[in-house]
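A quick write-up on the structure given underneath.
The values are calculated or read from the model by the stated rules, or taken from the named source; none is laboratory data. Model, not experiment: these values are computed from the prediction. Virtual Cβ from ideal backbone geometry, glycine too; neighbours counted across all protein chains shown. The area values use the complete protein model at the heavy-atom level, side chains included, leaving out ligands, DNA and RNA. Shrake-Rupley method; radii C 1.70, N 1.55, O 1.52, S 1.80 Å.
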Amino acid sequence: MRAFLALDIPEDLLVPLTRLQAGLSVGRVVPEENLHLTLAFLGEISEAQARDLAEALSLFRHPAIDLTLSGLDLFGGKRPDVLFIGGHGDGLAHLQEKIAHMVREAGIALPRSRFRPHVTLARYSVGNRSKEQAKRA
């Protein structure tokens, strides 16, 4: 199964996010009920790994974070496919480090990339090419 770890968006931030999305004239907007702050993308994991990680996470406690969202950006390099807004807050990097440690303890490999907490606002098609064709291009 394809999985990620995320936090729910506080209610007071949902209205500004959906207003921002309403102003977009291109892309497929992420429905309000699917908006979340991504902490870690896990990729394909087994059900057993998901259960082990869920059990470990159920015992995890962390102080509240005063979350702010700012800074629109794109993922996808020369052919961007995701519009997102960055997440910021005291303790957010510490939370992600703890989560990443727990993920690795559960036997799940994480990509070695810089942590960028974000909320995906819209997705864009990269044309009619398959993912394999896009990699070769």
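Quick notes on this structure:
- Contact map, the stretch 97-116: first residue open to solvent by 90 Å² or more (accessible area, probe 1.4 Å), second residue hydroxyl-bearing (Ser, Thr, Tyr), Cβ cut-off under 8 Å, separation 6 or more or different chains; the map is empty.
- One residue from 89, 76 being small (Gly, Ala, Ser), within 15 Å of the chain's Cα centre (by Cα) and at pLDDT below 95: 76
- Of the strands (runs of 3 or more DSSP E) that lie entirely inside the stretch 34-95, those containing 1 or more residues that are in contact (Cβ under 8 Å) with a residue 60 or more places away in the chain span 36-44, 82-88.
- The set of residues from the stretch 63-89 being over 12 Å from residue 119 (Cα atoms) and surrounded by 12 or more Cβ atoms within 10 Å (Cβ to Cβ) comprises 65, 76, 79, 80, 81, 89.
- In the stretch 96-137, the qualifying residues are those that are charged (D, E, K, R) and part of a loop (DSSP other than H, G, I, E, B), and the one that is modelled with the highest pLDDT is 116.
- Screening 15, 29 for residues that are more than 18 Å from the chain's Cα centre (by Cα), of a type in the set (Val, Ile, Thr) and open to solvent by 50 Å² or more (accessible area, probe 1.4 Å) leaves exactly one candidate, 15.
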